[in-house]
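For reference, the structure discussed in these notes is given below.
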């Protein structure tokens, strides 16, 4: 008789683990907070200066956000090139989730 395979909960599946791992990386929460509080797209250097983050780290985080679908990257055909970043619909939907998480942290005195 074959053993019954139980389906893993979402948090243990690859996609669930990936987003939790991403949220734990340096400057991720700061970047998301900044983007949540801006109504318009922002440029790379604005993020770099406002958050005092190195170009390498910022580039990696933005690349990870774009890959995961949390942020959209728009390149304009100008000289010099102009690139703007903004939250995608998926990224915007993460805001209330993070809000509840931090409310829970505050209520439980972490």
Of 28, 79, 97, the one that fluctuates the most in a GNM where the chain has Cα springs shorter than 10 Å: 79
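Could you tell me the calculated FRET efficiency between residue 83 and residue 18, based on Cβ-Cβ distance and R0 = 25 angstrom, to the nearest 0.05?
Numbers: r = 24 Å, r/R0 = 0.97.
The formula returns an efficiency of 0.55 here.
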Suppose the chain between residue 38 and residue 101 were pulled fully straight at 0.36 nm per residue; how much longer would it get relative to their current alpha carbon spacing? 20.6 nm
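Hey, what number do you get for the chain at 222 nm if only DSSP H runs of n ≥ 4 count, each worth -39500 (n - 2.57), divided across all residues, to the nearest 500? Please list the in-between numbers first.
Working: 5 runs with 60 residues, N = 110.
Taking each H run of at least 4 residues, the total per residue is -17000 deg cm²/dmol.
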Based on the Cα coordinates of region 10-107, what is the per residue volume of their convex hull in Å³? 113 Å³
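Only the coordinates and a few stated rules stand behind these numbers; no lab work does. As the structure is a computational prediction, the values presented were derived from the model and not from experiment. Every residue, glycine among them, receives a Cβ derived from its backbone with ideal geometry; neighbour counts consider all protein chains shown.
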